[in-house]
């Protein structure tokens, strides 16, 4: 174990997941801490930098070592993994065990993300809105600047990815979605997924109108790969 990896704050572990990296049997490590305040977040307990019940990285490594040959991959999710300096060495530890490594990120820390990219086999990249309109979802001014910088780094790499957007009518209209679509296409995004709002963990004010939103599948006709989940 890399010494600094022991500082990774982990809020939870899913020992077997088939959905956090499509097509892979993965263990998912939920990193503690997130700097944004998205109202539809379904893991609000991971937002604080210090969680109530942290899982030690050494215990996770022991578990992963026992699953070599049984699991395909390890996915680091959150929270936001790139906010923790220890994430780089934790990913290296997972690689040394022979696992493929995936990352869920919103691109909050472009500097860390660039360092991680050469170690990654796949990225699930969350895009919240048109980059100039990020604050409407994240509550943080100019947060779209960092997300855009990270996305550009991802697209310039050879790392497989999917870009995905969670939709709710209180946050994104169909016009907003069309604006975002054009931005993503202009950047060269080819793999795009629209994620349906999930009520788990979300703020109560979002719940009444959740069923009013519908994005037609024709929305993704210009992407090489498109899905709605």
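The values are calculated or read from the model by the stated rules, or taken from the named source; none is laboratory data. Treat the numbers as computed from the prediction; the structure is a model and nothing was measured. Quick reminder, even Gly has a Cβ in these numbers, built from the backbone with ideal geometry, and neighbours come from all protein chains shown.
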Suppose the filter is under 17 Å from residue 13 (Cβ atoms) and at pLDDT 95 or above; does residue 93 pass it? yes
Within region 73-89, is even one residue farther than 18 Å from residue 32 by Cα and either surrounded by fewer than 24 Cβ atoms within 10 Å (Cβ to Cβ) or modelled with pLDDT under 95 (or both)? yes
From the list 23, 33, exactly one residue is without any contact (Cβ under 8 Å) to a residue 60 or more places away in the chain, in contact with a helix residue (DSSP H, G or I) (Cβ under 8 Å, 6 or more places away or on another chain) and on the phi > 0 side of the Ramachandran plot. Which is it? 33
Going by what's in this entry, would residue 113 be described as more than 16 Å from residue 27 (Cβ to Cβ) and surrounded by fewer than 23 Cβ atoms within 10 Å (Cβ to Cβ)? no
Does region 3-17 include one or more residues that are loosely packed, with under 15 Cβ neighbours inside 10 Å, in a loop (DSSP other than H, G, I, E, B) and modelled with pLDDT of 90 or more? no
Which members of region 61-72 meet the condition of being assigned to a strand (DSSP E or B) and surrounded by fewer than 20 Cβ atoms within 10 Å (Cβ to Cβ)? 68
Out of the residues in region 34-57 that are at pLDDT 95 or above and out of contact with any strand residue (DSSP E or B) (no Cβ under 8 Å at 6 or more places or on another chain), state the one that is nearest to residue 5 (Cα to Cα). 34
Inside region 52-84, can you point out the residues that are touching a helix residue (DSSP H, G or I) at 6+ places or on another chain (Cβ under 7 Å) and closer than 27 Å to residue 166 by Cα? 74, 76, 78, 79, 81, 82
With respect to residue 145, is the statement that it is in contact with a helix residue (DSSP H, G or I) (Cβ under 9 Å, 6 or more places away or on another chain), surrounded by fewer than 21 Cβ atoms within 10 Å (Cβ to Cβ) and in a helix (DSSP H, G or I) true? yes
Residues of region 159-188 being in contact with a strand residue (DSSP E or B) (Cβ under 8 Å, 6 or more places away or on another chain), part of a loop (DSSP other than H, G, I, E, B) and modelled with pLDDT of 95 or more, which ones? 159, 160
Has region 130-146 got at least one residue that is under 15 Å from residue 189 (Cα atoms), under 14 Å from the mean Cα position of the chain (by Cα) and touching a residue at least 24 places away in the same chain (Cβ under 8 Å)? no
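Matching residues to (1) closer than 17 Å to residue 81 by Cα; (2) modelled with pLDDT of 95 or more; (3) not in a helix (DSSP H, G or I):
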{"residue": "124", "(1), (2), (3)": "yes, yes, yes"}
{"residue": "136", "(1), (2), (3)": "no, no, no"}
{"residue": "149", "(1), (2), (3)": "yes, yes, no"}
{"residue": "154", "(1), (2), (3)": "yes, yes, no"}
